[in-house]
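To start, the structure itself, in structure tokens.
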Amino acid sequence: MAHQRSSQARLSPSGDTKATSGPPQLPADEDIVALLAPRLAHFAAVARTEHVTRAAQELRVPQSTLSRAMVRLEADLGVDLFARHGRTVSLTPAGRTFLTAVDRALAEVQRAADAVRADADPAAGKVAFGFLHTLGPETVPGLIRAFRADHPAVRFSLVQNYGEAMLERLRAGELDLCLTSPLPEAPDLVVRRLDEQRLRLVVPDDHPLAGRKRVRLAEAADESFVTLEPGYGLRRITDDLCARAGFRPRVAFEGEEAETLRGLVAAGLGVALLPPPAVPRPGVTELTVTSPRALREIGLAWLAGHPDTPPVAAFKKFVLTRRGRLLSEES
């Protein structure tokens with residue numbers, strides 16, 4: 001293989017090397033990775049076989065193409081990677097150092113390729129699925145259990161969070177799908193309504209309203225409310241319902257989890273609008289709100305135009321078949 005001294009080479013605009021009389025002018029740091037990456041596997045094959053012709057046969061590329069690639073690689077780096085011995089080659093000290101790093105890089109690429117292929121495997125791939133905290137105790141476990149009856153090897157990466165945080169992760173590519181409420185309206189998202197869930201006014205057992213089964217929300221206008229923090233979908237729904245009932249809720253405490261709010265209600269710190277509990281909570285009474293109609297819509301959201309892997313497509317199709325029967329309790 002003809003060899004051009006790399007100390008006299010400079011990368012031309014076309015990617016070829018040409019002789020210069022001055023010192024080597026190496027590519028800028030931000031360009032070097034793009035220049036080197038396609039040649040790393042070729043370099044590793046030549047280094048392993050110590051023979052350009054055998055490496056070319058193994059890689060199924062012309063020997064002349066591989067020879068030129070190695071010359072250009074040395075020119076781009078500005079160092080000799082090989083010592084030439086007729087038809088054979090051996091690594092220089094710089095070549096051995098470079099090979100160690102190249103082997104690690106190629107192994108990492110192989111691991112990454114294996115990982116993304118495994119995640120996309122129709123039978124045993126992965127679904128990154130987000131859902132609201134209030135859907136965690138029963139709804140989501142039941143949903144996944146039913147899906148895995150026909151797809152037992154599909155893996156799930158599960159994220160519990162409030163709606164806006166999940167939509168951010170959806171947009172960032174960290175989630176494939178999420179169950180959220182209220183239903184977002186955004187051009188970059190696709191949202192399908194699945195079900196609705198009745199919200200109840202939760203009061204302490206010793207509250208004057210505790211002897212009732214039904215209540216108009218306006219009757220709680222003078223009460224202190226315990227609510228989720230601003231940014232949570234249920235907080236926005238609470239504020240909207242109270243506004244429709246003609247008042248602005250006086251917020252005594254804010255939290256991050258619905259069952260914590262139930263505990264605060266049981267402690268006598270206020271009332272709350274909450275979805276039904278997975279397990280009845282002692283110390284509170286849950287009243288049906290007759291006016292306004294206190295409901296929240298639950299929907300499935302995903303990023304518009306985002307291609308689905310086979311396991312994601314299968315789970316999405318399954319969840320959409322649960323429209324109207326997603327929730328385990330009577331709504």
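Just checking, does the stretch 303-315 include any residue being assigned to a strand (DSSP E or B) and in contact with a strand residue (DSSP E or B) (Cβ under 8 Å, 6 or more places away or on another chain)?
In the first step, residues of the stretch 303-315 are kept if they are assigned to a strand (DSSP E or B); the result is 303.
From the residues that got through so far, the ones that are in contact with a strand residue (DSSP E or B) (Cβ under 8 Å, 6 or more places away or on another chain) too are 303.
There is at least one residue in the stretch 303-315 that is assigned to a strand (DSSP E or B) and in contact with a strand residue (DSSP E or B) (Cβ under 8 Å, 6 or more places away or on another chain).
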message = Among the residues that make up the stretch 322-329, is at least one of them in contact (Cβ under 8 Å) with a residue 12 or more places away in the chain, touching a Pro at 6+ places or on another chain (Cβ under 7 Å) and open to solvent by 10 Å² or more (accessible area, probe 1.4 Å)?
response = yes
ask   = Within the stretch 82-109, how many residues turn out to be among the aliphatic types (A, V, I, L, M), within 44 Å of the chain's Cα centre (by Cα) and open to solvent by less than 30 Å² (accessible area, probe 1.4 Å)?
value = 1
key: Test for Val284: is it open to solvent by 10 Å² or more (accessible area, probe 1.4 Å), out of contact with any Ser or Thr (no Cβ under 7 Å at 6 or more places or on another chain), more than 15 Å from Arg296 (Cα to Cα) and at pLDDT 95 or above   = yes
remark   = In the stretch 129-159, anything open to solvent by less than 80 Å² (accessible area, probe 1.4 Å), without any contact (Cβ under 8 Å) to a residue 60 or more places away in the chain and part of a strand (DSSP E or B) is listed as Gly130, Phe131, Phe156, Ser157, Val159
query = Looking at the stretch 214-234, which of the residues that are of a type in the set (D, E, K, R) and modelled with pLDDT of 95 or more is least open to solvent (accessible area, probe 1.4 Å)?
reply = Glu223
query = Can you tell me which of Ala210, Ala301 is within 30 Å of Gly125 (Cα to Cα), touching a residue at least 60 places away in the same chain (Cβ under 8 Å) and small (Gly, Ala, Ser)?
reply = Ala301
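The values are calculated or read from the model by the stated rules, or taken from the named source; none is laboratory data. This one's a predicted model, so the numbers in the text were calculated from it and none came from an experiment. So basically every Cβ, Gly included, is an ideal-geometry build from the backbone, and we count neighbours across all protein chains shown. These accessible areas exclude ligands, DNA and RNA; they are computed on the full protein's heavy atoms, side chains included. Shrake-Rupley method; radii C 1.70, N 1.55, O 1.52, S 1.80 Å.
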